[in-house]
Amino acid sequence: MINNVKSYIKTWKQRNEAKIKEWRLMLEVFKRSPLALTGLIFVTIFIILGIIGPYITPYDPIKIEFSTMLEERLQPPSLKHFFGTDEYGRDLFSRVLAGARVSLMISLAVMAIAIPVGLVLGLIAGYYGGVVDEIIMRITDVFLSFPGLVLAIAFSATLGASIWSAMIAISLVWWPGYVRVVRGQTLSIKQSLYVEAARAIGVSTSKIIRRHILPNVITPLIVLATLDFGSVILVSAALSFIGLGAQPPTPEWGRLIADGRRWFPEKWWYTFFPGLAIFFTVLGWNLLGDGLRDILDPRFRRKIEFKEGGK
Amino acid sequence: MSELLRVEDLRVYFYTYAGVVKAVDGVSFTVRKGEVFSIVGETGCGKSVTARAITKLIKPPGRIVGGRVLFEGRDLLKLSEKEIRRIRGKDIAYIYQDPSSSLDPLYTSGYQIAETITVHNPGTKLKNALKKAIEILRDVAIPDPVKRARNYPHELSGGMKQRVVIGISVSNKPKLIIADEPTTSLDVTVQAQVLDLLQELRKKYGTTIMLITHNLGVVAEVSDRVMVMYAGKVVEIADVYTLFTNPLHPYTRGLLSAVPNPLEKIDEIKPIPGFVPDMINIPRGCRFRPRCSYATQRCLREPPLIEVEPGHLVSCWMYTGGDE
């Protein structure tokens with residue numbers, strides 16, 4: 001009865017019923033997968049820290065207090081300094097918090113460059129094939145033939161050690177992988193009957209690529225990119241570790257580990273906490289990526305819906 | 001009945017590494033307005049390629065190397081990609097064999113019908129197109145069309161999906177529907193329903209149907225005229241009654257006797273001996289010659305397609321009249 005009355009009034013809820021259902025199902029999948037949820041929590045913390053980290057540090061992460069430097073240097077973790085202090089008496093907790101921003105910036109920049117490049121080149125190579133495909137893929141192969149990290153080191157060293165050169169270097173290394181994935185996916189979707197059917201109802205080539213191929217390609221790409229976020233952070237940390245990438249006094253996790261190495265293992269906290277930060281961030285992205293793979297697949301969502309009894 | 005489609009000497013070759021495959025080699029036929037015209041033949045005889053070539057849907061390495069396709073007097077093969085796109089889905093629509101893969105898994109069935117409408121009626125609001133889509137779903141006898149329009153393909157059964165596909169094809173009221181084995185992947189009971197539906201829609205919209213199938217039961221059930229193809233060539237064309245009562249070409253006869261008839265008790269089904277020829281090394285002369293029990297010396301030359309009685313065309317030396 002109540003439902004009947006309600007159905008006369010078109011609420012926002014009713015107009016967007018399908019969308020709400022879709023989101024609810026996504027949430028449901030998250031709830032059911034504790035690992036994906038863990039990943040989401042880690043990643044959310046990381047992103048929030050990346051945005052507000054530098055503003056909430058208990059101490060200045062960069063400035064060295066020369067007056068107290070000597071008694072404060074290399075202090076073990078305590079209530080005053082959760083993660084201890086470094087050799088200049090700076091609070092490591094503050095430095096690790098501030099370091100999240102550098103990692104977030106680099107990984108976002110790399111994805112912002114590598115994903116669009118990978119998508120465009122992959123779609124063109126996959127859909128048009130022939131000479132275009134050959135040219136794009138051979139260039140891609142050249143990039144892929146080097147181990148990623150080695151190539152990133154080479155680029156970074158050539159461009160000069162800085163965060164910006166690290167971004168550019170990692171992006172240069174990262175796009176070819178996406179071209180491969182997108183091209184492969186495009187090739188298989190291009191063969192599918194629904195693309196042929198779209199052609200047979202008179203849909204133009206550009207619209208076929210945008211409406212039917214791109215959305216079918218993007219799911220695996222999103223999953224891959226999410227999983228890669230962690231790897232990018234790892235590579236950027238590695239670059240900083242060997243002295244390329246972020247330069248002192250910028251707090252960067254890889255850099256912190258490199259600096260703390262001198263004092264390892266007696267002053268274990270110097271390397272341990274930045275390492276822990278990297279570990280949890282990379283793990284978070286990986287878990288989230290895995291979870292997303294399930295969530296973005298509509299068939300998987302339905303399975304849960306059916307189990308729920310069509311709720 | 002007037003003529004809707006005339007295909008003349010159509011040739012589609014595939015240029016593969018192994019050699020040139022002459023998938024369709026000089027096929028000619030006409031389709032009359034309002035009829036159901038069937039193309040029958042074994043897998044790989046070129047029936048699907050013929051169908052696709054009509055609106056230039058041949059992908060490399062395939063190429064249409066010759067012939068004319070006159071649709072209402074216009075040669076479709078001479079049209080540019082942009083012009084032919086306006087014909088596809090509007091005047092000539094396709095129904096493919098496998099409904100589960102001819103729908104995009106990421107869009108609802110209603111949206112996919114709406115897309116066809118908006119493609120050919122630019123300016124139509126998607127909202128209105130979706131409303132029309134629900135009407136079409138009702139036309140193709142889908143129960144609860146409002147709800148089904150919001151379903152994704154994987155939420156529909158095979159028969160239901162094929163109805164959606166048929167709905168897509170009729171959404172712009174085409175003059176010709178080319179149904180490429182529309183029932184092959186369906187259950188027998190659903191097959192009958194789909195065939196009935198096609199017949200109904202034909203009556204309702206006055207559409208001409210070109211049916212491609214290897215199922216002779218389906219042919220007997222729905223078609224007006226039949227064309228039999230073998231290895232890229234037309235073997236026989238006749239109206240359905242004549243073809244089943246008086247098949248002339250040895251291949252057609254073999255095809256008919258290879259189908260078990262439930263009313264006659266027979267000891268064994270008679271298959272046609274041999275295999276479909278390797279399309280790269282096609283036998284010289286009549287392509288059926290190596291499997292034909294009537295083959296003689298003259299079959300080494302290619303037989304012409306001749307009209308033995310009004311409307312009954314056959315390509316075999318036995319009916320050319322006169323000898324060698």
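Out of contact with any strand residue (DSSP E or B) (no Cβ under 7 Å at 6 or more places or on another chain), within 13 Å of chain A (Cβ to nearest Cβ), surrounded by fewer than 19 Cβ atoms within 10 Å (Cβ to Cβ) and not in a loop (DSSP other than H, G, I, E, B) - does that describe any residue in segment B:150-167?
yes
Testing B:T43 on (1) modelled with pLDDT of 85 or more; (2) within 17 Å of the chain's Cα centre (by Cα); (3) surrounded by fewer than 15 Cβ atoms within 10 Å (Cβ to Cβ), one condition comes back false. Which one is that?
The one condition B:T43 does not meet is (1).
Cβ-Cβ distance below 9 Å, separation of 6 or more or different chains: which pairs start in segment A:203-231 with a residue that is more than 12 Å from every other protein chain (Cβ to nearest Cβ) and under 16 Å from A:K190 (Cα atoms) and end on one that is assigned to a helix (DSSP H, G or I) and of a type in the set (S, T, Y)?
A:I209/A:Y127; A:I209/A:T186
In segment A:32-84, how many residues are within 29 Å of the chain's Cα centre (by Cα), among the polar types (S, T, N, Q) and assigned to a loop (DSSP other than H, G, I, E, B)?
2
Any idea which of (1) under 26 Å from B:S185 (Cα atoms); (2) assigned to a helix (DSSP H, G or I) is the one B:M210 doesn't satisfy?
The one condition B:M210 does not meet is (2).
Within segment A:156-167, work out how many residues are without any contact (Cβ under 8 Å) to a residue 24 or more places away in the chain and assigned to a helix (DSSP H, G or I).
3
Take the conditions surrounded by fewer than 17 Cβ atoms within 10 Å (Cβ to Cβ) and either at positive phi or in a helix (DSSP H, G or I) (or both) and apply them to A:I139. Does it pass?
Against the criterion (surrounded by fewer than 17 Cβ atoms within 10 Å (Cβ to Cβ) and either at positive phi or in a helix (DSSP H, G or I) (or both)), A:I139 qualifies.
Looking at segment B:232-253, I want the residues that are of a type in the set (S, T, Y) and have a partner that is surrounded by fewer than 24 Cβ atoms within 10 Å (Cβ to Cβ) and at pLDDT 85 or above with Cβ atoms under 7 Å, at least 6 apart or on another chain. Which pairs are those?
B:T242/B:H312
Being of a type in the set (G, A, S), touching a Ser or Thr at 6+ places or on another chain (Cβ under 8 Å) and surrounded by fewer than 19 Cβ atoms within 10 Å (Cβ to Cβ) narrows it down to one residue among B:G26, B:G34; which is it?
Unique residue meeting the criteria: B:G34.
Tell me which of these A:Y88 doesn't satisfy, since it passes every other one: (1) within 21 Å of A:S240 (Cβ to Cβ); (2) in a helix (DSSP H, G or I).
(2)
Check whether at least one residue in segment B:107-130 is part of a loop (DSSP other than H, G, I, E, B), within 12 Å of chain A (Cβ to nearest Cβ) and under 24 Å from A:Q191 (Cα atoms), and report yes or no.
Yes, segment B:107-130 contains a residue that is part of a loop (DSSP other than H, G, I, E, B), within 12 Å of chain A (Cβ to nearest Cβ) and under 24 Å from A:Q191 (Cα atoms).
Can you tell me which of A:L234, A:L256 is within 20 Å of the chain's Cα centre (by Cα) and at pLDDT below 90?
A:L234
I'm checking my understanding of the structure. Among residues of segment B:140-149 that are away from chain A (no Cβ under 11 Å) and assigned to a loop (DSSP other than H, G, I, E, B), which one is farthest from B:A192 (Cα to Cα)?
B:D144
Filtering segment A:181-202 down to residues that are surrounded by fewer than 18 Cβ atoms within 10 Å (Cβ to Cβ) and away from chain B (no Cβ under 12 Å), which residue is nearest to A:D294 (Cα to Cα)?
A:G184
Just checking, which of B:L137, B:L198 is within 19 Å of the chain's Cα centre (by Cα), more than 11 Å from chain A (Cβ to nearest Cβ) and not in a loop (DSSP other than H, G, I, E, B)?
B:L198
Quick one: which of A:V203, A:V195 is in contact with an Asp or Glu (Cβ under 9 Å, 6 or more places away or on another chain), assigned to a loop (DSSP other than H, G, I, E, B) and closer than 30 Å to B:A179 by Cβ?
Of the residues listed, the single one that is in contact with an Asp or Glu (Cβ under 9 Å, 6 or more places away or on another chain), assigned to a loop (DSSP other than H, G, I, E, B) and closer than 30 Å to B:A179 by Cβ is A:V203.
Of all residues in segment B:145-166, which are touching a residue at least 24 places away in the same chain (Cβ under 8 Å) and farther than 14 Å from B:L130 by Cβ?
B:Y152, B:P153, B:H154, B:L156, B:G158, B:G159, B:K161, B:Q162, B:R163, B:V165, B:I166, listed by residue number.
The values are calculated or read from the model by the stated rules, or taken from the named source; none is laboratory data. Just so we're clear, the structure is a prediction, and the values are computed from it rather than from any experiment. Reconstructed Cβ throughout: ideal geometry from the backbone, glycine too, with neighbour counts over all protein chains shown.
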